[in-house]
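The values are calculated or read from the model by the stated rules, or taken from the named source; none is laboratory data. Predicted model, so just to flag it, every value in this text is computed and none were measured. Methodologically, a virtual Cβ is constructed for each residue, glycine included, from the backbone with ideal geometry; neighbour enumeration extends over all protein chains shown. Heavy atoms of the whole protein, side chains included, go into the accessibility calculation; ligands, DNA and RNA do not. Shrake-Rupley method; radii C 1.70, N 1.55, O 1.52, S 1.80 Å.
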Amino acid sequence: MGFSVAEVIVDVATYHVDRPFDYAVPQEWREIIEAGCRVKVPFGPRNVLGFIVGLKNETEVPPNKIKPIAQILDIEPVLTEEMLKMAKWLKNETICYEIDALQVMLPSALRAKYEKIAVLQVELAKLPQEVQTLFGKRQKANFKEFEKAELLPVLKELIASGCVTIENIVKQQGSVKEVRMVEITSDMQVLEKALESASRAAKQRQLIIWMQAHLGEIIAPHHLYEETGATATVLQGVIEKGAARFVQEEVYRDPFTKGVTRTQSLQLTQEQNVALQAISKSMDAADATTFLLRGVTGSGKTEVYLQAIQKVLDEGKEAIMLVPEISLTPQMTERFRSRFGELVAVMHSGLSVGEKYDEWRKIQQGKVSVVVGARSAIFAPFTNIGLIILDEEHESTYKQEDSPRYHARDVAIWRSQFYQCPVILGSATPALESFARAKKGVYTLLSLKQRAMNQAMPTVYVADMREELQNGNRSMFSEQLIEGIRLRLERREQMVLFLNRRGYSSFVLCRDCGTVVQCPNCDISLTYHRTQEKLKCHYCGYEEHVPQICPQCQSEHIRYFGTGTQKVEEEIYKLFPEARVLRMDVDTTKHKGAHEEILQAFGEGRADILLGTQMIAKGLDFPNITLVGVLSADTSLHLPDYRAAERTFQLLTQVSGRAGRHDKPGEVVIQTYTPEHYAIELSKMQDYEPFYEREMFLRRRSGYPPYYYVALVQVSHEDVMMAAEYAGRAADWLRANLSEKVAIIGPTTASISRLQNRYRYQCLIKYKIEPNLIPVLQRLLAMYRADWIKQGILMTVDLDPSTI
Ligand SMILES: Nc1ncnc2c1ncn2[C@@H]1O[C@H](COP(=O)(O)OP(=O)(O)OP(=O)(O)O)[C@@H](O)[C@H]1O
Ligand SMILES: [Zn+2]
Ligand SMILES: [Zn+2]
């Protein structure tokens with residue numbers, strides 16, 4: 001029995017053929033090998049890493065040609081059947097190498113060097129003689145020793161019966177962490193006796209009496225000293241009397257820094273309840289429904305998530321909760337930990353390789369049932385998923401910009417279909433695509449229109465910075481904002497000041513009339529290129545010199561736009577020397593845990609103003625914030641991107657939503673040079689639908705998503721002529737092979753026209769229905785992999801670019 005041939009996807013990502021290769025399974029491994037295991041196989045002159053994606057007994061490779069697997073790296077598969085299927089789907093869906101799709105599902109520790117250790121779980125005497133010999137007096141033995149002793153089949157049985165477990169220890173992380181703990185005896189009589197024999201040692205007696213109330217507990221020595229006032233000498237004396245003993249405890253690297261207080265489910269509002277019922281119904285019916293939960297800021301979406309997950313847990317299933325970038329939203333993690341405690345694993349970019357691996361292993365071993373994490377947590381190796389949630393589903397961080405260029409939303413929906421469970425996409429400002437799908441009935445819309453405690457939405461004022469300038473105000477704060485800050489400082493309320501850094505300094509704006517220099521062909525603002533002092537259009541290639549006077553009003557106050565947070569901070573101190581400011585930007589959040597520290601300090605009222613960039617726009621829920629100031633609404637508005645207005649509206653709504661969430665009413669001041677722009681006008685109303693209607697109208701008119709799909713082909717080379725030449729070839733090939741109805745724009749220079757010394761060109765493909773698209777792009781890629789790549793060309797294809 002067993003299988004003699006394995007289909008292996010090899011880790012050679014530049015090879016132009018992307019398919020599994022057949023390898024012979026050595027006799028002794030035939031019984032134990034499984035799909036989803038990693039192996040080393042000979043490929044060309046060397047051995048490379050590979051994944052077994054299938055097993056069989058026949059092959060077309062002639063017996064004298066087929067090579068044997070060199071080494072087996074996993075005895076238990078690291079990839080499930082589901083994941084192998086998902087990889088095939090991803091490969092097609094995003095046009096990537098299958099190996100990239102397989103790798104993205106695993107924590108990087110499994111790609112790094114690590115040791116595999118077999119750990120004894122039962123009495124050694126119960127095991128076969130040869131295994132006893134191998135372990136000797138040890139509790140742990142290296143996997144390689146089993147391999148050498150040809151005991152892998154035996155090991156596999158021992159794992160199946162639970163006699164032995166396998167641990168992977170990442171080499172660079174060092175050994176498993178152990179700490180010394182104090183275990184108090186659970187025998188009251190022992191304590192009584194100890195108490196007697198300590199009759200002349202008052203401090204020891206005190207400690208023993210305290211221990212009587214803590215029978216059987218295991219406690220860290222320093223905690224014990226803190227709680228009881230005992231010293232190490234006193235503890236030693238008590239231990240000698242048998243009342244307690246020292247034990248070594250293995251600890252998981254704990255990414256959580258502090259303990260949490262548990263919370264209970266809240267009484268839901270009417271609207272929350274309607275939403276939860278719909279989700280529950282879909283769970284009961286095992287429908288793979290995708291819900292779009294649109295709830296205004298502060299409407300209690302998170303409470304709906306928590307209670308839906310509770311139901312999943314009650315049914316013995318698992319849940320994945322995605323957040324845009326978790327290191328930026330410690331408050332969110334906290335809420336999950338305080339509701340579900342130890343059942344939660346957390347995965348985000350702030351963790352070390354070892355910590356990430358620990359969290360992944362907790363999931364794989366079924367030690368947790370909920371994962372809260374950023375994009376890649378969508379691949380959490382659960383096997384019985386009951387619910388998947390994407391919070392702030394409109395965020396662009398859900399799209400991966402490297403191969404595989406997947407969108408977490410698509411993966412979520414694929415997995416929900418595999419498990420027949422619902423997906424919740426939550427947002428106050430859904431992506432246009434998502435809301436359009438909800439309107440068409442592809443997604444099911446659930447709405448929360450009121451804030452959870454019926455608080456008013458904040459009042460939004462728009463400050464026209466052109467007027468301010470005319471009135472002689474040259475500072476970066478409008479009169480209105482200055483007055484607002486003054487009032488809050490007086491009342492000892494808190495404020496958030498938000499500096500929009502997206503598109504920082506990249507466009508040219510007239511401070512007198514608000515004009516931003518636009519492309520004459522494209523309805524898109526031109527991008528400033530410092531090196532050549534030119535303005536360029538990244539859609540059609542148009543360029544011109546930076547104007548000295550405004551083309552609209554002839555003013556000389558025309559310049560590229562932008563300010564840094566540091567400068568804002570200085571200015572605040574000039575105006576309000578008494579203000580206490582906490583700055584949160586890339587500079588102040590470099591070290592680990594910095595976000596948490598800053599937010600905690602702010603939460604404890606140790607500052608009046610939280611000043612920051614994008615990272616403070618989302619998720620904050622502080623009762624004392626009554627004013628939000630947006631210093632420069634325009635910056636993201638003029639990015640050369642068809643989603644610029646949508647992104648700006650989303651950002652303004654999110655950041656405004658931080659104000660007045662509890663009992664004090666909130667106020668928002670949005671500063672802008674273009675108050676008449678619809679994204680700003682409509683964010684004043686805090687109403688999504690009018691914005692949606694307006695934006696959809698424009699998208700239809702200019703032929704962008706969701707009316708059309710776009711795909712982006714980028715070509716780069718160190719030599720500008722080569723990049724242009726091959727981008728031209730790609731465009732010609734696409735024009736020759738795609739149908740007439742497809743619009744191919746380009747080649748043009750990319751929005752970053754030179755990156756790491758490579759010149760970048762791109763072609764944009766706009767289409768509605770094009771059944772040929774994937775095969776044509778695949779053939780283009782095959783051409784590139786077989787030939788162009790040798791000329792030093794790099795080419796990427798993105799089927800759903802988040803920026804173009
Ligand atoms: N049913 C409820 N009863 C009482 N308070 C609630 C209820 N639901 C939510 N809240 C509280 O209302 C506040 C806002 O809720 P939450 O943060 O979940 O809103 P949200 O919709 O996720 O907000 P945002 O999208 O703005 O981040 C929180 O302080 C939360 O504890
Ligand atoms: Zn143009
Ligand atoms: Zn002007």
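Here are the numbers:
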{"item": "Qualifying residue in region 430-439 (condition: more than 27 Å from the chain's Cα centre (by Cα) and aliphatic (A, V, I, L, M))", "result": "no"}
{"item": "Region 187-235, residues that are over 20 Å from PHE246 (Cβ atoms) and hydrophobic (A, V, I, L, M, F, W, C)", "result": "MET188, LEU195, ALA202, ILE209, ALA213"}
{"item": "In region 202-223, the residues that are of a type in the set (D, E, K, R) and touching a Leu at 6+ places or on another chain (Cβ under 8 Å)", "result": "ARG205"}
{"item": "Region 438-453, residues that are touching a residue at least 40 places away in the same chain (Cβ under 8 Å) and either loosely packed, with under 15 Cβ neighbours inside 10 Å or farther than 21 Å from LYS301 by Cα (or both)", "result": "VAL442, LYS449, MET453"}
{"item": "Residues of region 335-362 that turn out to be farther than 22 Å from GLY300 by Cα and touching a residue at least 40 places away in the same chain (Cβ under 8 Å), as a count", "result": "13"}
{"item": "Matching strands (runs of 3 or more DSSP E) fully within region 402-517 where at least 1 residues are within 16 Å of ligand 2 (Cβ to nearest atom)", "result": "508-510"}
{"item": "First in region 773-786 and closer than 15 Å to ARG19 by Cβ and touching a residue at least 40 places away in the same chain (Cβ under 8 Å), second anywhere and open to solvent by 40 Å² or more (accessible area, probe 1.4 Å) and not in a helix (DSSP H, G or I), Cβ under 7 Å, 6 or more apart", "result": "ALA782/HIS16; ARG785/HIS16; ALA786/HIS16"}
{"item": "Filtered residue count, region 609-624, keeping only those that are open to solvent by 10 Å² or more (accessible area, probe 1.4 Å) and either at pLDDT 90 or above or within 16 Å of ligand 1 (Cβ to nearest atom) (or both)", "result": "8"}
{"item": "Helices (runs of 4 or more DSSP H) contained in region 69-163 and holding at least 2 residues open to solvent by 40 Å² or more (accessible area, probe 1.4 Å), under 26 Å from MET795 (Cα atoms) and touching a residue at least 12 places away in the same chain (Cβ under 8 Å)", "result": "81-94"}
{"item": "Filtered residue count, region 628-640, keeping only those that are open to solvent by 10 Å² or more (accessible area, probe 1.4 Å), over 15 Å from VAL460 (Cα atoms) and either touching a helix residue (DSSP H, G or I) at 6+ places or on another chain (Cβ under 9 Å) or not in a loop (DSSP other than H, G, I, E, B) (or both)", "result": "3"}
